[in-house]
Amino acid sequence: MGGLRILGIETSCDETAAAVVHRREDGTGEILSDVVLSQLDLHAAFGGVVPELAARSHVSVLDRLVSEALADSGVALGDIDAIAVTSGPGLIGGLMVGLMTAKAIAMAMALPFLGVNHLEGHALTARLTDNVAFPYLLLLVSGGHTQIVLVNGVGDYERWGTTIDDALGEAFDKTAKLLGLGYPGGPAVEQAALSGVPRRFRLPVPMRRDPRLDFSFSGLKTAVRQMAEAEAPLSDQTIADLCLAFQLSVTASLDDRIAMALERFSQRFGTGSRPALVVAGGVAANKAIRTTLEARAGKAGFRFIAPPLNLCTDNAAMIAWAGAERMAAGLPFDGLDLAPRSRWPLDEAATALIGHGKRGAKA
Ligand code: KG4
Ligand code: ZN
């Protein structure tokens, strides 16, 4: 029975999830069980996540999901080494549900307890799936976050860029909504773009060559709205053409930003060891985006790592794994008085002092 077996719980947004992960002594990982219940149907009618409904739904299903995850894993609760739960960032009601459940189990079983940053879960997933070595560059693109992060080690992150307005997934969702497509918008926009005619509509590429490595997507969404209003009533073809223009524009923006980030990484660490560009978050499901990033990484001498789709979107295996990594690194456990945090940046220094990183001022 070597290594660590961790039970993970995730309830920060609209997925209720529980999982058991094994981290071997050599640092490799294995998912023993991974149960996810999406609340998509619950929120679809509202065109977005309704926090109160989300929290109530987490309450009603979490106990069952934890039992299922334990049963599927074949690990008895008595053989679990610690319990890890998302304690932020996210919707406060949902976080409280996960924390209460995790604390109750930890108390009843006298288990070590770890509050995990949801973003750290996304950031470390590539080590679970591909055993990626530090340091590596992470592009996190989800409904709530769009960040370029230097992952130096467990608990050691530098945020190199972030969105100055909408998250990329949010921009996909809002664009879909204004074009009358379903929720979540990302898959709907990607699907529609497949039959789009290139170059019928032209959109600017946000932040192109801006030295700050940040993103901006809200102007793009406004441009799509204005074009759609000018073309109303919209035919399916026009919707497809607008979706394609939007997707081409965000893809070009990501490509530009990532090219600059890879260059910065190379200057600092070199590329002799073929370092990794890792992509995570729900938007990483987008094939056009994946293909573009993969080509860019290859050109710059980087490996491209994209976890399987079920591990890109929200899940509890990534939370259990982050807990295991923290434990293996000797980081401290949390007390049962741990409070949820609706905001919790991975790189605390980046938000405390805008324009300054942990290691001093950034350009
Ligand atoms: O990581 P995630 O499951 O949830 C969090 O936000 O934490 O990401 C969900 C986001 C949604 O905004 C959704 O529209 C977007 O990921 N998404 C996509 C695609 N699939 C999901 N965006 C673009 N293309 C896709 N194929
Ligand atoms: Zn997420």
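The values are calculated or read from the model by the stated rules, or taken from the named source; none is laboratory data. Quantities reported herein were computed from a predicted structural model and do not represent experimental measurements. Counting neighbours? That spans all protein chains shown, and the Cβs are built from the backbone with ideal geometry, glycine included. Only protein heavy atoms, including side chains, enter the accessible area calculation; ligands, DNA and RNA are left aside. Shrake-Rupley method; radii C 1.70, N 1.55, O 1.52, S 1.80 Å.
Structure above, values below:
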| quantity | calculated |
| --- | --- |
| Selected residue (criterion: most open to solvent (accessible area, probe 1.4 Å)) from residues of region 263-281 that are of a type in the set (G, A, S) and more than 16 Å from ligand 2 (Cβ to nearest atom) | S273 |
| Matching residues in region 314-338 - criterion: being surrounded by fewer than 22 Cβ atoms within 10 Å (Cβ to Cβ), in contact (Cβ under 8 Å) with a residue 60 or more places away in the chain and not in a helix (DSSP H, G or I) | A329, L331, F333, D334, G335, L336, L338 |
| Tally of residues being within 27 Å of the chain's Cα centre (by Cα) and aliphatic (A, V, I, L, M) across region 212-237 | 4 |
| Selected residue (criterion: surrounded by the fewest Cβ atoms within 10 Å (Cβ to Cβ)) from residues of region 117-138 that are more than 14 Å from ligand 1 (Cβ to nearest atom) and of a type outside the set (A, V, I, L, M) | N131 |
| Qualifying residues in region 60-80 (those that are part of a helix (DSSP H, G or I) and small (G, A, S)) - the one modelled with the lowest pLDDT | S60 |
| Residue match in region 139-160 (condition: touching an Asp or Glu at 6+ places or on another chain (Cβ under 6 Å), open to solvent by less than 30 Å² (accessible area, probe 1.4 Å) and within 11 Å of ligand 1 (Cβ to nearest atom)) | no |
| So L40, is it farther than 15 Å from A19 by Cβ and open to solvent by less than 70 Å² (accessible area, probe 1.4 Å) | yes |
| Of residues in region 161-190 being more than 10 Å from ligand 1 (Cβ to nearest atom) and in a helix (DSSP H, G or I), the one least open to solvent (accessible area, probe 1.4 Å) | L178 |
| Residues satisfying the stated conditions in region 182-192, i.e. over 19 Å from L42 (Cβ atoms) and under 23 Å from the mean Cα position of the chain (by Cα) | V189, E190, Q191 |
| Subset of region 300-311 (residues that are touching a residue at least 40 places away in the same chain (Cβ under 8 Å) and more than 16 Å from A133 (Cα to Cα)) | A300, P308, N310, L311 |
| Which numbered condition F269 fails, given (1) free of Cβ contacts under 8 Å to residues at least 60 places away in the same chain; (2) over 21 Å from H145 (Cα atoms) | (1) |
| Check on V97, touching a Phe, Trp or Tyr at 6+ places or on another chain (Cβ under 9 Å) and open to solvent by 10 Å² or more (accessible area, probe 1.4 Å) | no |
| Selection from region 98-155 of residues that are away from ligand 2 (no atom under 16 Å from the Cβ) and part of a loop (DSSP other than H, G, I, E, B) | A110, L111, P112, N131, V132, A133, F134, P135, V154, G155 |
| A82 vs. criteria in contact with a Cys (Cβ under 8 Å, 6 or more places away or on another chain) and either hydrophobic (A, V, I, L, M, F, W, C) or under 24 Å from T129 (Cβ atoms) (or both) | no |
| Hey, R24 closer than 21 Å to G78 by Cα and loosely packed, with under 15 Cβ neighbours inside 10 Å or not | yes |
| Residue list for region 200-246, restricted to those being among the polar types (S, T, N, Q), out of contact with any Ser or Thr (no Cβ under 8 Å at 6 or more places or on another chain) and surrounded by 16 or more Cβ atoms within 10 Å (Cβ to Cβ) | T238 |
| Residues of region 44-59 classified as farther than 14 Å from K177 by Cα, in a helix (DSSP H, G or I) and open to solvent by less than 70 Å² (accessible area, probe 1.4 Å), total | 5 |
| Looking only at region 156-197, and only at residues there that are among the charged types (D, E, K, R) and in contact with a Lys or Arg (Cβ under 8 Å, 6 or more places away or on another chain), the one that is nearest to D256 (Cα to Cα) | D166 |
| Residue within region 27-37 that is within 15 Å of ligand 1 (Cβ to nearest atom), modelled with pLDDT of 95 or more and open to solvent by less than 20 Å² (accessible area, probe 1.4 Å) present | no |
| Filter result (surrounded by fewer than 19 Cβ atoms within 10 Å (Cβ to Cβ) and either under 18 Å from the mean Cα position of the chain (by Cα) or within 12 Å of ligand 1 (Cβ to nearest atom) (or both)) within region 295-305 | F304 |
